[in-house]
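Participant: Sharing a structure below in structure tokens format, with a few things to ask.
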Amino acid sequence: MVIQVLSIPILYLLISKRWKMEQKQYSNKWQERFDFFDKHGAPDTPEFKAALKAASFGKRILINMNIFAFFFGIIYFLILGLWKKGLVMLGITLGVGLVLNIIDFMIGGTIPNAVFTGVSVGMSALWAMVANYAYYIKETKGLDNWNPFEGIRMV
């Protein structure tokens with residue numbers, strides 16, 4: 001009798017803990033982003049643009065940008081399991097840097113450092129803008145391809 005009384009709360013705790021783990025696989029930020037994408041579609045759709053325009057500034061930043069991707073780029077993409085898209089983005093980043101350095105070399109090294117900084121910040125912003133929707137389509141739709149700009153509006 002004592003074993004039965006003790007086993008019921010233990011069984012309940014095990015079941016409820018497992019249910020909570022399945023239910024809360026993602027953080028609140030990711031759940032909010034996923035809900036927004038589920039409700040309004042891809043970033044290149046008119047519905048998404050209208051909903052984003054109606055959202056508060058903080059929510060727009062939360063949906064459109066990823067601060068970890070901005071600062072850590074390829075490392076963050078690898079952590080999320082977006083290695084294919086991360087390699088493409090790394091190639092684009094290195095390609096842009098190489099072209100800028102070749103131009104700098106050809107004109108005698110007269111490009112100001114501010115240009116290099118601006119391009120670097122721009123490339124970091126590109127990483128940050130791609131991360132959220134890329135992770136969403138990987139996790140919810142199972143699409144894990146090489147195109148990092150799938151469903152992303154560029155202008």
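FYI, it's all coordinate maths here, none of it is from the lab. Fair warning: this is a prediction, and the values are worked out from it, not measured in the lab. We place every Cβ from the backbone using ideal geometry, glycine too, and count neighbours over all the protein chains shown.
Participant: List, in the order given, every pair from K49/K84; K53/K85; K29/K53; K85/K141; K39/K84 whose Cα-Cα distance in the structure shown is over 24 Å.
Facilitator: Those over the limit are K49/K84; K53/K85; K39/K84.
Participant: Could you please report the charge total around Y136, scoring K, R as +1 and D, E as -1 over all other residues with beta-carbon less than 13 angstrom from its beta-carbon?
Facilitator: For residues surrounding Y136, the net value is 0.
Participant: Could you sort the peptides 26-32, 67-73 by per-residue average Cβ neighbour count (10 Å cutoff), highest mean leading?
Facilitator: Top of the packing list down: 67-73, 26-32.
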